[in-house]
Amino acid sequence: MASKLVKIPSLKTIGEFRAHVASLGLDLPCDDEIITGGNSPLSQPVTQVQIAGKTIGNRICVSPMEGWDGTSDGQATADTLRRWQRFGESGAKLIFGGEAMAVCPEGRANPRQLIISDKTKASLVKLRETLESAHAALYGTTRDLVIGFQLTHSGRFCRPTEWQRWEPRVAFRHPLLDKRFHVTSDEQIISDAEVDRLVEYYAEAAQVAAEAGADFVDIKHCHGYLLHEFLGAHTRPGKYGGSFENRTRILCNIVDAIRARGNRIDLAVRLSAFDFVPFRPDPTQSSPGKLGPGIPEDFTNCLPYRYGFGVNPECPVEYDLTETFKFMELCVKLGIKILNISAGSPYYNPHIQRPAAYPPSDGYQPPNDPLVDVARQIHVTRQLKARAPANLIIVGSAYSYLQEYLPHVAQAVVRNKWTDMVGLGRSMLSYPAMLSDAIKQGKLASKFICRTFSDCTTAPRNGLVSGCYPLDRYYAAKPEFQLLKAIKKQLGA
């Protein structure tokens, strides 16, 4: 970065926050005060669409996260149950997946990721019941609480047996990512026949979700995982590559396969609405124990860039929403009821996906003020919301970095109809009730606010369970915390 980052906690008033936003040339709505009670835009029900016959009771959404804390055979553990209990206590009325669940063992991003299958169904029921019980105990009812399971195959990022052993399956060969993620042979490209079988795995997983009491399933298309990668498979031959119709055929076939079983469970998609080329630490500003700021990989030999989705092929550090709008239209035709908007990938351009002041151990220092990346996602979501029909719920992301001013911005974007709902991920780990407290009290408990230290990412990147080690005493008391601190010191994260 050209200048020292202005940290959000140093901005003591709304005026100072607005002035800083203005100095960056950003348009970021922010209310003067937190509106409380029934007048809060965040406390209003989402009435345009029902999910599983239920009206979502407010505008707060828990975004899905992987805990790296399941059993080797994909069952929930005490750590997993505690996290879902806290999601229930958060007051959010939409639980968007809660957890990324692999539709087959070999599709896991880590050897402790949850698997959704008949063998793990009882464990998933327990997760749902734990969340519902915690919610009912605090809020009196679950009639307006909607819970979904996120279905995934990790594709290029598969590590199903050992956390240090990559076992990637890819949609196509990528000139910038293959070396980074150990893709060395065309044999690692998943075949059309394998994709056909994978479609059935998704349909089987959706059936398990329905039987386990989920209200909907999220057919995950984000963050560089397999179905998202297929959206960028411009160079792949055959029925799953090339044209937009072919690159979205998997989604269409999955929906058809779910319905062919007589399964009427509601459907959602979490989507990386745009992508950039991979980034890396600037080697001229990096040294042992110090990560440099992020810079794009050299893409001069990759133009036009045909290896991503929602990216400008002539300048792949800019987004192009032409196909993103087409994808949203397709989702509506398929009967998908919720579109949860994200961006990029935590593996190769985390700054556009989850803006942070501090990088994960495999990342880089912010290449610009993270508010730039927050505003970018908010405005992309605004553009999608402006084109969305009334029967599609839009959920926005990338709010955690706003910290003290998250409620002020969140209620403004909802009131201005830039989004239907506000999705929170990392900030839910340290402070699940953040927005509920804002609505009830008009203020926050600052000691629990996520400061985007990225420990919840650095830990799993190094084989440890994910959690908020700095702010959640449960994780601070774990022996892994000392190991994590040593890892961060060594890597300069």
Only one of (1) over 23 Å from Met65 (Cα atoms); (2) touching a helix residue (DSSP H, G or I) at 6+ places or on another chain (Cβ under 9 Å) is not met by Val311, so which one is it? (2)
Condition first: part of a helix (DSSP H, G or I), touching a residue at least 12 places away in the same chain (Cβ under 8 Å) and among the aliphatic types (A, V, I, L, M). Now tell me which residues in the stretch 445-493 satisfy that. Ala459, Leu483, Leu484, Ile487, Leu491
Pairs with Cβ under 9 Å, 6+ apart, first in the stretch 39-57 and free of Cβ contacts under 8 Å to residues at least 40 places away in the same chain and within 12 Å of Ile393 (Cα to Cα), second surrounded by fewer than 21 Cβ atoms within 10 Å (Cβ to Cβ) and of a type in the set (Val, Ile, Thr): Thr47/Thr55
Answer with yes or no whether Leu251 is within 20 Å of the chain's Cα centre (by Cα), part of a helix (DSSP H, G or I), crowded, with 21+ Cβ neighbours inside 10 Å and not small (Gly, Ala, Ser). yes
Are there any pairs, at least 6 apart or on different chains, whose C-beta atoms fall under 6 Å, with the first in the stretch 10-28 and at positive phi and the second outside any helix (DSSP H, G or I) and of a type in the set (A, V, I, L, M, F, W, C), and if so, which? none
Which residues, counting only those in the stretch 423-444, are of a type in the set (Gly, Ala, Ser) and within 17 Å of Tyr399 (Cα to Cα)? Gly423, Gly425, Ser427, Ser430, Ala433, Ser436, Ala438
Among (1) in contact with a strand residue (DSSP E or B) (Cβ under 6 Å, 6 or more places away or on another chain); (2) in contact (Cβ under 8 Å) with a residue 40 or more places away in the chain, there is one condition Ala375 misses while meeting the rest; what is its number? (1)
Counting residues that are under 24 Å from Thr457 (Cβ atoms), which strands (runs of 3 or more DSSP E) fully inside the stretch 25-133 reach at least 3? 60-62, 100-102
Note on the stretch 189-226: residues of a type in the set (Gly, Ala, Ser) and free of Cβ contacts under 8 Å to residues at least 12 places away in the same chain are Ser191, Ala193
Output the qualifying pairs, or none if there are none: Cβ atoms under 8 angstrom, residues six or more apart or on different chains, first residue in the stretch 149-165 and free of Cβ contacts under 8 Å to residues at least 24 places away in the same chain and more than 21 Å from Tyr202 (Cα to Cα), second residue in a loop (DSSP other than H, G, I, E, B) and among the charged types (D, E, K, R). Arg165/Arg159
Selected residue [surrounded by 15 or more Cβ atoms within 10 Å (Cβ to Cβ), of a type in the set (Ser, Thr, Tyr) and touching a helix residue (DSSP H, G or I) at 6+ places or on another chain (Cβ under 6 Å)] from Tyr225, Tyr305: Tyr225
Say we look at the stretch 172-202 and pick out the residues that are charged (D, E, K, R) and part of a loop (DSSP other than H, G, I, E, B); which of these is surrounded by the fewest Cβ atoms within 10 Å (Cβ to Cβ)? Lys179
Unique match (being at pLDDT 95 or above, buried (at least 22 other Cβ atoms within 10 Å of the Cβ), over 21 Å from Gly213 (Cα atoms) and more than 18 Å from the chain's Cα centre (by Cα)) among Ser23, Ser40, Ser72: Ser40
Looking at the stretch 402-415, which of the residues that are under 15 Å from Ile449 (Cα atoms) and not hydrophobic (A, V, I, L, M, F, W, C) is surrounded by the most Cβ atoms within 10 Å (Cβ to Cβ)? Pro407
Considering only the stretch 349-385, state which residues are over 14 Å from the mean Cα position of the chain (by Cα) and over 24 Å from Tyr405 (Cα atoms). Ser361, Asp362, Gly363, Tyr364
Considering every residue within the stretch 218-233, establish whether at least one is aromatic (Phe, Trp, Tyr), over 23 Å from the mean Cα position of the chain (by Cα) and not in a helix (DSSP H, G or I). no
Evaluation of Trp163 against (1) modelled with pLDDT under 95; (2) not in a loop (DSSP other than H, G, I, E, B) (one fails), failing number: (2)
Picking from Gly463, Gly442, which residue would you name as being more than 18 Å from the chain's Cα centre (by Cα) and more than 17 Å from Ser40 (Cα to Cα)? Gly463
Count, please, the residues in the stretch 380-401 that happen to be under 23 Å from Met434 (Cβ atoms), surrounded by fewer than 24 Cβ atoms within 10 Å (Cβ to Cβ) and not hydrophobic (A, V, I, L, M, F, W, C). 3
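The values are calculated or read from the model by the stated rules, or taken from the named source; none is laboratory data. Computed from a prediction, not measured in an experiment: that's the story for all the values here. Reconstructed Cβ throughout: ideal geometry from the backbone, glycine too, with neighbour counts over all protein chains shown.
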